[in-house]
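> Please find one structure pasted underneath; my questions will follow.
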Amino acid sequence: MTRQLRSHAARDVLAVAEEFSNLNKAVWEYVTNGLQYVAPGRPPRIDVSIDTRRERIAIQDNGRGMDAADLDRFLMMHAPNEERLRGNLGRGRFGTGKAAAFGIGKILRVTAVRGGLLWEIEIRRADLEALDRNPQAVDAPVRSLREGVRTSRPDGVLIEIEGFRIQVRPRDVERLRRFMAARLRRFPAGSVRVNGRPCVPPVIDRIPRYDRHADAPPEVARLTGPAHLELHVAVGPLDADSRGVYAWISGQRLALGLCGNSDTPWAHRIFGDVDADDLDPDRHPDWPAPFSQGRREEINLDNPGAAALWNWVGWEIQKLIHELEEEERARRDIEEQRHLRAIAREIARVLNDDYQRDEDISLQRSRYTAGPDPNRLPNAVPGQVEALVLGGEELAAASDLPRSADGEGLSSGPPGPNDGREPSLERDDAGELSGHREVASPGAPRRQGGFAIEFRHLGEGDDRGRYEAASHAIVINLDHPEVRWARDMGGDVERTVFREIAVVEYAFALGQHQAEREGGPLAIESTRVLVDTRERVHRVTRRLPASRDSRNDEATP
């Protein structure tokens, strides 16, 4: 028996075939039909066999199969899909199954089994092209190879495509397997194999606490119908096929991508799906199709519902990215504080060790060269270090200087040795510090003290460092150009600059204190020289980063 491909013109089939001009899209058309139109209680299983040398593709499913009536509808170009008439929206609107094969091949052979009966038909592209060239012809011949033959084969459909119109290489077969594996996340009960190798959906390690679920708001749902979005964040960057959002419209997988949010590193870790079955073309016949006809299966923004869906999903992705960036910023801030605190402890330890050694030497000298000093604090006893005056205020010796509590701000002062003295400093009515030293009992716990190193944002125009006598802190200005340059360089450069700033401020502070303690015209001149020198250091170092950058620019070819 010879059947006919009933159509107003063969060009309809050939035109639709152009939409399937690549291996992935053509084969997936048949595979997804096998995944959707399954027999009740039977998990779908599809086997794809591709022989690149013989130019043959076979796609076998275990679905419901087809009988004679089903084949007639299959051959009618614009016949409505029976499943869609029942409300089960599948992929094909007008029987694209008979057209997809001719996007990549020259012969389509369909073998269908249902209820123990077998039908086999064959359509050739050459016949369609001949019909297209004859404006008087109406039907294209369909070769009926077997009609209702009894068989023991189980229900299902075998699709065979022969004579390639495109080049199909072994690596294209592997790409097809990965292409289908990425799409099988939506068909967890299905099993698909390509040349015997299973297509396993990729397992994407995601961060569960970032999972987001959202339903389309009313203003969007008016155009899209009910739509549900799921967003996820992977633990690392994803490849192009895995990242982004895909819209599922009546079984069709359409790429939404990242909806305009692809310019941030976080975007490469976001993936998800949105279900929007109400955007099916049959429900909006006056609208353009919601999907483009290109090979990438992208959504068509000329469709009002598709455009509304794209904008809404883009907004949800943008909110998620903002949340991720805020958390990342907070995490970096914490890491930066820990990093700077560790450097502060390291520098403070060196400065306090130096200060303690210097005071120990001065103490030994004073014991042998100085008589009773009326300026000593009343309760001072032989062998104790006296208070220093730095920046015009009293400062306890390194052994007794108060240490900033660990974890407060970005300061650190390491523990110093204790010789049994406890400072007691108070401000009088004029606001000046005064006090005395109390001798601790022999079993008293050792105190912690010393200079503290602090990092603050003081502005680009402020000095790169300063000493604050009231808090015994050497402050490093994180906004100073030299400091910013050092932080950009990182590593040893950063640590070296931080150390140099701290040592300079430490040396100037002690030098100024020494000059003020000695008194007299020479001391005043020494103080002025120290102040001028310190200002010069800050002025020159502010220009150093720019000079470094200019040298780097000149060295760049």
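The values are calculated or read from the model by the stated rules, or taken from the named source; none is laboratory data. From a predicted model like this one, the values you see are computed outputs, not experimental measurements. All Cβ positions, even for glycine, are placed from backbone atoms using ideal geometry, and neighbour counts span all protein chains on display.
> Taking Glu328 as the residue in question, decide whether it is modelled with pLDDT of 85 or more, assigned to a helix (DSSP H, G or I) and surrounded by fewer than 12 Cβ atoms within 10 Å (Cβ to Cβ).
Criteria not met by Glu328.
> In this structure, is Trp315 hydrophobic (A, V, I, L, M, F, W, C) and either modelled with pLDDT under 85 or within 30 Å of Leu23 (Cα to Cα) (or both)?
no
> Need pairs with beta-carbon distance below 9 Å; first residue charged (D, E, K, R) and within the range 230-248, second modelled with pLDDT of 95 or more and part of a loop (DSSP other than H, G, I, E, B); sequence gap 6+ or separate chains.
These pairs meet every condition: Glu230/Asp211.
> Same structure again: Could you list, in sequence order, all residues of the range 331-353 that are over 20 Å from the mean Cα position of the chain (by Cα), among the acidic types (Asp, Glu) and at pLDDT 90 or above?
Glu336, Glu346
> Tally the residues that are aliphatic (A, V, I, L, M), under 16 Å from the mean Cα position of the chain (by Cα) and crowded, with 16+ Cβ neighbours inside 10 Å, restricting the search to the range 232-275.
Within the range 232-275, the first condition is being aliphatic (A, V, I, L, M), and the residues that meet it are 233-235, 238, 240, 245, 247, 249, 254-256, 258, 267, 270, 274.
Narrowing further to those that are under 16 Å from the mean Cα position of the chain (by Cα): 233-235, 238, 240, 245, 258, 267, 270.
Add one more test, that the residue is crowded, with 16+ Cβ neighbours inside 10 Å, and what stays is 233-234, 238, 245, 258, 267, 270.
Of the residues in that region, 7 qualify.
> Of everything in the range 131-158, what is of a type in the set (A, V, I, L, M) and modelled with pLDDT of 75 or more? Give them in sequence order.
Of everything in the range 131-158, those that are of a type in the set (A, V, I, L, M) and modelled with pLDDT of 75 or more turn out to be Leu131, Val142, Leu145, Val149, Val157, Leu158.
> What is the residue count in the range 154-174 for residues that are out of contact with any Phe, Trp or Tyr (no Cβ under 9 Å at 6 or more places or on another chain) and surrounded by 14 or more Cβ atoms within 10 Å (Cβ to Cβ)?
Number satisfying all stated conditions: 10.
> Going through the range 279-312 one residue at a time, which ones are part of a helix (DSSP H, G or I), crowded, with 19+ Cβ neighbours inside 10 Å and at pLDDT below 90?
Leu279
> Looking only at the range 63-81, decide whether some residue is buried (at least 19 other Cβ atoms within 10 Å of the Cβ), modelled with pLDDT under 85, assigned by TED's automatic domain parsing to the domain that holds Arg143 and touching an Asp or Glu at 6+ places or on another chain (Cβ under 6 Å).
Yes, the range 63-81 contains at least one residue that is buried (at least 19 other Cβ atoms within 10 Å of the Cβ), modelled with pLDDT under 85, assigned by TED's automatic domain parsing to the domain that holds Arg143 and touching an Asp or Glu at 6+ places or on another chain (Cβ under 6 Å).
> Still on this structure, I have one more. Collect the residues in the range 452-505 that are acidic (Asp, Glu) and surrounded by fewer than 18 Cβ atoms within 10 Å (Cβ to Cβ), keeping them in residue-number order.
Within the range 452-505, Glu460, Asp462, Glu468, Asp479, Asp488, Asp492, Glu500 qualify.
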